[in-house]
Amino acid sequence: MPQPSLKVNEIFYSIQGEGPHTGMPAVFLRLAGCSMGCVFCDTRYAFSDGQLMPLTDIVQAMEKYPCRNAVITGGEPTEQDFAPLAALLKQRGWCLHMESNGAHDADVSNIDFLVISPKKYVSRQMLQKAHTIKIVVGQETDLQDLQNYFQYANERTAVCLQPQSNLQENIDLCVKLIKQNPFLRLSLQTHKMANIK
Ligand code: SF4
């Protein structure tokens, strides 16, 4: 029987640049594919480029780095059956972070820290499971819609606004909204600002 596999776009070792774990070293596993089609997407190269890798090869590639924090991202990781890999990595002592658009209600029982970044549509169940809801905010953002996410902010779940494309006008808008709603948090893409590879 063939080994379970996932289509992988890239595996690399870097620093988490955004969200509540900014500054954390991590091995990034970028799974291929996403059907959401956001116009501002900065990982379009992950839509189709990638190779099918058996789970054991993925683990081997990740474990060549001296770090056991993983960020499973995409593309959209929940468009593939990542749960067996998550279970395998957990058994091997990894701390698992996942970044998802939350469109599909997925089994995240082995994920230690779930970031949901809602786009055109999102599952309510995934919002409830999130440790962080990270919303990309730009000049086109519907501020009425944005407020629907505010109810999820609590001691366990942070709701962060992330300025689209790091543009100053979007940073200014996020800062204004956070000052008006002080339970919100700012997430900046520091890896882009600092050119961290
Ligand atoms: S959901 Fe994320 S990965 Fe998918 S198209 Fe939108 S920004 Fe890109």
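Every number in this text was worked out from the coordinates using simple rules, so none of it is lab data. As the structure is a computational prediction, the values presented were derived from the model and not from experiment. Cβ: placed from backbone, ideal geometry, glycine included. Neighbour counts: every protein chain shown.
Here are some residues: PRO118, PRO66. Which one is within 13 Å of the ligand (Cβ to nearest atom) and part of a loop (DSSP other than H, G, I, E, B)? Write out each step before concluding.
Details: PRO66 fails: within 13 Å of the ligand (Cβ to nearest atom).
Answer to the selection: PRO118.
Taking the residues in segment 37-63 that are without any contact (Cβ under 8 Å) to a residue 24 or more places away in the chain and either more than 16 Å from the ligand (Cβ to nearest atom) or under 16 Å from LEU85 (Cβ atoms) (or both) as candidates, determine which candidate is surrounded by the most Cβ atoms within 10 Å (Cβ to Cβ).
ASP57
Conditions (1) among the aliphatic types (A, V, I, L, M); (2) crowded, with 17+ Cβ neighbours inside 10 Å; (3) in a helix (DSSP H, G or I), marked per residue:
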| residue | (1), (2), (3) |
| --- | --- |
| ASP145 | no, no, yes |
| GLN151 | no, no, yes |
| ASN154 | no, no, no |
| ILE171 | yes, yes, yes |
| PRO182 | no, no, no |
| LEU188 | yes, yes, no |
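Quick check on my filter: what residues within segment 163-197 are among the hydrophobic types (A, V, I, L, M, F, W, C) and under 25 Å from TYR13 (Cβ atoms)?
Matches in segment 163-197: LEU188, MET193, ALA194, ILE196.
Out of everything in segment 113-157 that is within 13 Å of the chain's Cα centre (by Cα) and among the charged types (D, E, K, R), what residue ends up being nearest to PHE40 (Cα to Cα)?
Per the criteria, the residue is LYS119.
Within the set of pairs 6+ apart or on separate chains, which have a first residue in segment 69-93 that is part of a strand (DSSP E or B), a second that is surrounded by 18 or more Cβ atoms within 10 Å (Cβ to Cβ) and of a type in the set (Gly, Ala, Ser), and C-beta atoms under 6 Å apart?
What qualifies is ASN69/ALA26; VAL71/ALA26.
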